[in-house]
Every structure is written in C-alpha cells, then in structure tokens.
Amino acid sequence: MIGLRLPEGPLEVLCLAAHPDDVEIGCGGTLLMLATRPGTTVTVATLTGTPERQDEARAAAQGFAPGASSRFWKLPDGRLPAHWGEAKQAFEDLASEVRPGLVLAPRRDDAHQDHRLVSELVPTVWRDALVLEYEIPKWDGDLAAVDTYVPVSPDTARRKVALLSQHYRSQVGRDWWDDEVFLGLMRLRGMECRSTYAEGFVARKSTLALVEAPG
C-alpha cells in the first residue's frame, strides 16, 4: 500500500454538501485533521436546509474547522435534480470566489438523488482540484468499495461523533443517528487500510507527479 501526501504549503479546502450534516458525517474526521494543518482554509457550502438546520451547520463548521467559512442556498431538500440549473449556478458563483486545491463532495453513486447531483456537478465546475468523494451511511444500504483512505486516530474518531451529536441536536434520536454507526463505518474502513479507524473516499481522477532523475 502506497501512502500519498498533500503538497506542502497553503491549502484551500472546499467541502460540498446537499444537506447540513453531510460533510461532517462523511468526512468529519478528515476535516478535523485538515484543520490542524498550517495554512489550511476551509469553506463548507450547503445547497439546502431550514434556518434551524443551517444554524446547526454553521456552528458545526466552526467545531470541526475553526475559522471555516459557511455558504448556504435555499434549494428544496429531496428535489435537487429538478433544480439542476440553480444548483449549477450556485456552484459557478462559488467557483468565482473559491479556488480549492482539495474538494470533498458526496459519492457519485450515492443512493440519495441530492447527493448524486452535487457529485455530478463538481467536475463540471472545479476541474483543477483533487476531488475526494465521501460516503454517507443510510437506510438504502448503498455502501460500496472505496479506493482512498484517510486513517483517523481513535481520539479524532471519538471527537467526530461527539461533535456530530453536539451540533446536530435536531437529528439526535433518529434511528440512523448512532455513535456505533459512525464509529463502525470508520472501524471497517480502518481495518481495510491497517488502521484502527479511517474514512473512505473515491478519487475518480488523480495525477501522479513524478520528478525525473538528472541525466
């Protein structure tokens, strides 16, 4: 197994979500680790959400990545494919301000139509960034193989699940909102990459930069 590293120096990270809590569920551990990296700036952009849910997401962004910027739109939850043009324009407008080196977005094969739309739009807007597609456990049972892993320490994994319930009080009590679900998926992905915990991603396109030896 070959370990890959992000380039040294400042890094702009863009986290894209259909709904409040998508980012933190899918890649909250990774976000906690990125937030400790010197020179990293984070923007979390969410297409839907009631005012209450957007307030939760704004606070969660600060909990996971202090200093993060939050952007929101008021597109209808569950019906994003019918609002393709508005979602596309929202991302085009965002791209005029945010030029990330790393984009974290939902998987293109996610069973939720809103998640899929976000993922499908990403490569049409951000062509020069590394895009890692995160996974969200759900009733539909759509978990599939991943090809990229971010190992997460036990402390970071537990902090992720604690922050999820701290900031998304409106979701606590739902049958799918469970520390064991979130930790269990991270434990599974950790086992797959010889770590205690990890978050899994799909990288559909990446560039391997090699330096030629002199002579």
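Here, each number is a calculation from the coordinates, and none is a lab measurement. Just so we're clear, the structure is a prediction, and the values are computed from it rather than from any experiment. Because the Cβ atoms are built from the backbone with ideal geometry, glycine has one as well, and the counts that use them run over all protein chains shown.
Overview of results
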| read-out | value |
| --- | --- |
| Beta bridge orientation in the chain: antiparallel %, DSSP, nearest 5 | 25 |
| Proportion of all alpha-carbon pairs of the chain beyond 31 Å (%) | 15 |
| Spin-label model distance (nm) - ASP147 vs SER165, 7 Å beyond Cα toward Cβ | 3.6 |
| Nearest-20 debye value, the chain charge dipole, Cβ charges on Lys, Arg, Asp, Glu | 280 |
| Order of TYR134, TYR149 under a 10 Å beta carbon neighbour criterion, fewest first | TYR149, TYR134 |
| Value of [θ]222 nm, deg cm²/dmol, for the chain, DSSP H segments ≥ 4, -39500 (n - 2.57) each, nearest 500 | -12000 deg cm²/dmol |
| Euclidean distance of C-alpha centroids, segment 45-65 and segment 139-194, integer Å | 18 |
| Kyte-Doolittle at least 1.0, axis length at least 15 Å by Cα - qualifying DSSP helices, the chain | 22-34 |
| Gyration tensor (alpha-carbon) shape descriptor, segment 63-173, a/c threshold 1.5 | rounded |
| Check: segment 43-171 dipole with +1 on Lys, Arg Cβ and -1 on Asp, Glu Cβ, in debye | 320 |
| Gyration tensor verdict on segment 1-74 (Cα atoms; rounded if a/c is under 1.5, prolate if a/b is larger than b/c, oblate otherwise) | prolate |
| Spacing of the two label points (7 Å from each Cα toward its C-beta) at ASP93 and LEU210, in nm | 4.5 |
| Where labels lie 7 Å past Cα in the beta-carbon direction, separation of ALA82 and ARG5 in nm | 5.0 |
